[in-house]
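Down below is the structure, laid out as structure tokens.
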Amino acid sequence: MLKAVVFDLDGTLLDTIPDIAAALNHSLAANGLPTHPAKAVEGFVGGGIRSAVVKAAPAGSSEAVIEQVLAGYHDVYVAHCTDRTAPYPGVEDMLSALTARGLQLGVLSNKTEATARKIIAHYFPDTPFRFVFGRAEGRPLKPDPGAAAPVLEALGLAPEEIAYAGDSGTDVTFAKAVGFLAAATPWGYRSREELAALSPDLLPETAAELTAALLERADG
């Protein structure tokens, strides 16, 4: 029986690309590098911001350039991470319904932990998330199954009692490797076709459909 649901952040709960793209392009331009449309930035995210910077910078960019762009990104993004970000349709209702059923909720992101906590507190101040985990020193990033260790410790549940919802191959691969119920969210930054190829356990069209599927499993 399902007892907890853990969510990715970017592309799952919130459309963060407008703020991510603005900060990334600001830093790229400041370093004399080409910028990218927001749609292209969608394809860069999912594996942590450093990976996104490597993809956004010109091929063959030096380590020093990558670090400069990364530092500039962080300076801008931390200050402006709630300027244009917004919840996806139905997400707030989904969180309310899951909470009302007594399911434990959490967030596990590859985003910097302090930033993830700031964003979640801003957009979902009334949702009783048990934890918001993100990138932190010494902690593996998804899809490494080791990223699940703090989740399992915080919830005190077996993997099969937990669903993990995310919008990317990183998320589905991670969830399946750990033994979580893998729920893919095609309203995020990856296509339904790309996610379907990974055979997630759940592939709903909308947050409402995901809610219904999760509540069904919570009933045993």
I'd like the carbon and sulfur percentage of the solvent accessible area for the range 127-180, probe radius 1.4 Å, heavy atoms only, ligands and nucleic acids excluded. 52 percent
Evaluate Rg over Rh across the chain, taking Cα atoms for both radii and Kirkwood's formula for Rh. 0.97
Which listed residue (THR173, PRO200, PRO150) has the Cα farthest towards the positive end of the charge dipole for the range 118-220, taking +1 on Lys and Arg C-beta and -1 on Asp and Glu C-beta about the Cα centre? PRO150
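Could you tell me what percent of the DSSP beta bridges with both partners in the chain are antiparallel, to the nearest 5?
10 percent
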When the helices in the chain are scored as -39500 (n - 2.57) per DSSP H run of 4 or longer and the sum is shared across all residues, what 222 nm value do you end up with, to the nearest 500 deg cm²/dmol? -13500 deg cm²/dmol
Multiply the residue gap between ASP219 and LEU202 by 0.36 nm, knock off their C-alpha separation, and tell me the result in nm, one decimal place. 4.5 nm
With a ≥ b ≥ c taken as the square roots of the eigenvalues of the C-alpha gyration tensor of the range 155-220, please select rounded if a/c is under 1.5 and otherwise prolate if a/b is larger than b/c or oblate if it is not? oblate
Compute the length gained on full extension between THR35 and ALA59: take 0.36 nm times their separation in residues and subtract their Cα-Cα distance, giving the result in nm to one decimal. 7.3 nm
So for the range 69-176, using the alpha carbon gyration tensor with a ≥ b ≥ c as root eigenvalues (a/c under 1.5 gives rounded; past that, a/b versus b/c decides prolate or oblate), I'd call it oblate
So the number of lysine pairs in the chain with alpha-carbon atoms under 24 angstrom apart, 8 or more residues apart or on different chains, is 11
When the Karplus curve 6.51 cos²θ - 1.76 cosθ + 1.60 is applied with θ = phi - 60°, which whole-Hz ³J(HN,Hα) does each residue of the range 75-92 get, with x for Gly and Pro? 4, 7, 5, 4, 7, 10, 6, 10, 6, 10, 5, 8, x, 6, x, x, 5, 5
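The values are calculated or read from the model by the stated rules, or taken from the named source; none is laboratory data. Keep in mind that what you see is a predicted model, and the values were worked out from it rather than measured. Counting neighbours? That spans all protein chains shown, and the Cβs are built from the backbone with ideal geometry, glycine included. Heavy atoms of the whole protein, side chains included, go into the accessibility calculation; ligands, DNA and RNA do not. Shrake-Rupley method; radii C 1.70, N 1.55, O 1.52, S 1.80 Å.
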